[in-house]
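The values are calculated or read from the model by the stated rules, or taken from the named source; none is laboratory data. Since we're looking at a predicted model, the values are computed, not measured. Methodologically, a virtual Cβ is constructed for each residue, glycine included, from the backbone with ideal geometry; neighbour enumeration extends over all protein chains shown.
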Amino acid sequence: MLDLKRLALLRELHLRGTIAAVAKSLAYSPSSVSQQLSVLEVETGVTLLVKSGRRVRLTPAAELLVEHTGALLERVELIESELATFDRIASGTVRLAVFQSAALGIIPQALSLLAIEHPTLRVEITQREPESALAAVWAREFDLVIAEQYPGHAAPRSDELDREPLCMDMIRLGAPTSSVNALLDARDLPWVMEPRGTASRHWAEQTCRLAGFEPDVRFETADLQAHIRLVESGHAVALLPDLVWGTREPTIRVLELEGRPRREVFTSARRSGSAGAAISACREVLARAVEPLWLDRS
């Protein structure tokens, strides 16, 4: 009988590309991963891996196993999820991936509610950019993700992942001086933005360009707290989501942009496990955690 854990290792190799990457992801040694894959070859009686330079390449037989393994893992997760519906006590561990402003604005309130209402549920939280986090949920590195979608930008979709809306988050201009009352007033000022390649950076640059100017981006950081400090100290202007404030009032001047743009914040989980008590409890609590936040309600 084929071992599901070894099959899952083969699937990880397919997803991550190298034995070293699989070992690092699962906290194994590379030799241990290689040994388990060799045992799987013996169990199947076919060649699964061939050397290709310094790497290994999956054979057609291995690709077939990977395809079936994905279906097997989905079926096992579905069974576990359906069994959990017989006992709606949320327990075990949920691995949650979040982006920074959600970690700042939503997670503290959610953890407080979970501690009171679901004390046997352990939630492990990792900060991760939404696009890579969605892929990591699909790859079973995480169980649930809080992700975002900026106006005019579609977040990646997968048939294996569901999507539930959490809130609409208005994006405003953070300005250090009273002389800035609209986006065009900031055209000659220094800007702080998130790193290139992120959806937020692309959206921010496009917003400035559509307004008729190229932003002078002198500061680049993914840390939105650093954005706030640079605006507070008068060194930059920034486009900031309401979510970053949590339940606090803003500490800087924040101005509405033309069209009142909002990003969509949502949660996503594998469909095969989304009905389980633990995932359901997390989502229900997250939905309540956003209610008292400093968010535009109109």
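Just a few scattered comments:
Yes/no per residue for (1) crowded, with 17+ Cβ neighbours inside 10 Å; (2) under 30 Å from the mean Cα position of the chain (by Cα); (3) not in a helix (DSSP H, G or I):
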position: 2; (1), (2), (3): no, no, yes
position: 22; (1), (2), (3): yes, yes, no
position: 31; (1), (2), (3): no, no, no
position: 47; (1), (2), (3): no, no, yes
position: 56; (1), (2), (3): yes, yes, yes
position: 64; (1), (2), (3): no, yes, no
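- Filter pass, residue 221 being closer than 16 Å to residue 153 by Cα and either at pLDDT 95 or above or out of contact with any Cys (no Cβ under 8 Å at 6 or more places or on another chain) (or both): no
- Residue within the stretch 86-93 that is in contact with a Lys or Arg (Cβ under 9 Å, 6 or more places away or on another chain), surrounded by fewer than 12 Cβ atoms within 10 Å (Cβ to Cβ) and not aliphatic (A, V, I, L, M) present: yes
- Filter result for residue 123 (closer than 21 Å to residue 238 by Cβ, touching a strand residue (DSSP E or B) at 6+ places or on another chain (Cβ under 6 Å), touching a residue at least 12 places away in the same chain (Cβ under 8 Å) and among the hydrophobic types (A, V, I, L, M, F, W, C)): no
- Exactly one residue out of 205, 160 is under 29 Å from residue 103 (Cα atoms) and in contact (Cβ under 8 Å) with a residue 24 or more places away in the chain, and it is 160.
- Scanning the stretch 59-69 turns up at least one residue that is in contact (Cβ under 8 Å) with a residue 24 or more places away in the chain, of a type outside the set (Gly, Ala, Ser) and farther than 18 Å from residue 140 by Cβ.
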